[in-house]
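Below: the structure, in structure tokens.
The values are calculated or read from the model by the stated rules, or taken from the named source; none is laboratory data. Being a predicted model, the structure only gives us computed values, none of them experimental. We place every Cβ from the backbone using ideal geometry, glycine too, and count neighbours over all the protein chains shown.
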Amino acid sequence: MKVTIEVDCTPEEARRMMGLPDLTPLHDRYLAKMQEAVENGTIGPEIVGAMLKSWAPMNDAGMDMWRALFSAGTGKPAG
């Protein structure tokens, strides 16, 4: 026998249903701090690259792709 249950809800509704905390204010504050650091030049492509490398191991080709992406966004040459 096979039983299928389909729940149609938004991510917010699912979070509430599962009793998980609302981290939206924390997330918004984190993003604001990150944006401020990028705008002030405190965080550059090399720091972002190091963060990405620690979050998800990637081969050199993957890191080169991220480096080029962030360099294009900052207007600085990659490398």
>> On the basis of being modelled with pLDDT of 90 or more and either in a loop (DSSP other than H, G, I, E, B) or in contact with a His (Cβ under 8 Å, 6 or more places away or on another chain) (or both), does Ile43 make the cut?
In response: no
>> Consider the stretch 2-40. How many of its residues are exposed (fewer than 10 other Cβ atoms within 10 Å of the Cβ) and of a type in the set (Asp, Glu)?
In response: 3
> Which one is farthest from Met51 (Cα to Cα) among residues in the stretch 1-40 that are among the aliphatic types (A, V, I, L, M) and under 16 Å from the mean Cα position of the chain (by Cα)?
Replying inline: Leu23
